[in-house]
1. I need the GluC sites (Glu not before Pro) found in the stretch 1-56, filtered to DSSP loop residues with at most 14 other beta carbons within 10 Å of theirs.
2. Measure of size requested: the Rg and Dmax of the chain, with Cα atoms as the atom set and Å as the unit; please supply both.
3. Pick out, in residue order, every one of the trypsin sites (Lys or Arg not before Pro) in the stretch 18-89 that is DSSP loop and has at most 14 other C-beta atoms within 10 Å; say none if there are none.
4. Test of the criteria: in the stretch 215-293, which trypsin sites (Lys or Arg not before Pro) are in a DSSP loop and have at most 16 other Cβ atoms within 10 angstrom of their Cβ?
5. Provide, for the chain, the number of lysine pairs with alpha carbons under 27 Å apart, each pair being eight or more places apart or on different chains.
6. With +1 on the Cβ of every Lys and Arg and -1 on the Cβ of every Asp and Glu, and nothing else charged, how large is the dipole of the chain about its Cα centre, in debye rounded to the nearest 20?
7. With every protein chain left in place, what is the accessible area per residue of the stretch 1-116 in square angstrom, probe 1.4 Å?
8. Give the Rg/Rh ratio for the stretch 205-392, taking Rg as the radius of gyration of the Cα atoms and Rh as the Kirkwood radius, to two decimals.
Amino acid sequence: MANPQFVLNTSHIIIDGLFESIPILLSFIAISFGAGEKEIGIIISLAIMGSTLLGLSTIFFSRYFGLLRTLSLVIVLYGIGFFANAFSRNIYFAGFCFIIAIAGHSVFHNTAFAYLTSNSDRQSLGKAMGNFTAIGDIGRVPFASLAGFIVAISVFGFPGWRIACLTYGLGAILFAGYLLFTSFTIKETDYRGFLSTTRIKRNFPSFALLRNRQYALAISASILDGFSSDQIFTFLPYLLFAKGIDPKIIGTFALAFTLGCFLGKVLCGRTIDLFGARNVFVAAETVMAILLVSLVLGQQVLMIAGTSLLLGVVTKGTVPIVQTIITETVREKHCYDDIFAISSFFRGVTSMMTPLLFGFIASSLGVNWIYGIMAVAAASAVIPVLIMNTRSI
């Protein structure tokens, strides 16, 4: 059996690739069934709510299942959701399938970040986080880009989104089965690094950690960052439609954005160790606000594609930065599961609310408005971090 880090990275590629393909598939499914931004917003919000609530059980899964079987569970949920969606007949069933698919997303990332933090030197944590999050984009680029191209075609009368869902679903189920089978053929001690870092006998995180002012400020910055960046890709197809861009080249913008995400995580992860997580965060959020305004104002295809690439860099580049910032004051490893679960919970609540809010705003005022609001949130995200910079840890 491959070492734990290899299995973790491989699973990350698959999980993030499937997750990132959902916005594109959902957009075309909604169009196919005559639905719009409101329905998409509601579906994404409910899906993230399920993932966020299950994410609070990270300590439980980490303690009793270990990461290997937890990975199998998360991936099989994706497989079932995608496979069933290939046969959906209305937007409601399609939405339910994606809610099932995303359910374990937070559990995976919480456990993975805790594992990495507890097994990395503090001086190189930024690089470790950057590399791990960038590895997920190895899946995002081909999965999301391929989905973008497939949905624009049909084969023997079957819409492209059904073909993509069927293919991705079967592949995920097979890989999950392989992980589950493997978990029964190894000794638990061989995967000791996959067990929970938690030593306290409880199954849910302690929100008492938020009494620490630095934790509260870091999580506040994460919330604003999520408000400004988590739904950029979700509503990007509608922004491009509003600008009159041919749906057949949506895959090109998906490729540009996801490629930017990969580059951003690698670059930002390394600059964290050089300049400090907070300084890099302030610079990234400022650039993000400028690019979001440029995306709204831009009309030419090449300019929008370039902006999408750069947005990917600063949007997902903040992921390793935030994960590093929230652990700066953690002194005991058993708190890693807690702080990542708490951060994921608040980030998830934000991600649950924004699709619904943005969906209604887009349908009422136009999709350009939501990108303007994102720009304001990005600029505001630097405030908690600047306050942290004025205080000693």
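The values are calculated or read from the model by the stated rules, or taken from the named source; none is laboratory data. Not measured: the values here are computed from a predicted model. Neighbour counts run over all protein chains shown; Cβ positions are idealised from the backbone, glycine included. Accessible surface is based on the protein model in full, side chains and every heavy atom, while ligands, DNA and RNA are left aside. Shrake-Rupley method; radii C 1.70, N 1.55, O 1.52, S 1.80 Å.
1. none
2. That works out to 19.9, 64 Å for Rg and Dmax.
3. Passing sites in the stretch 18-89 are Arg89.
4. Those that pass, being in a loop and sparsely packed, are Lys243.
5. Lysine pair count for the chain: 14.
6. 620
7. Computed with neighbouring chains in place, this is 32 Å² per residue.
8. Checking Rg against Rh, the ratio lands at 1.00.
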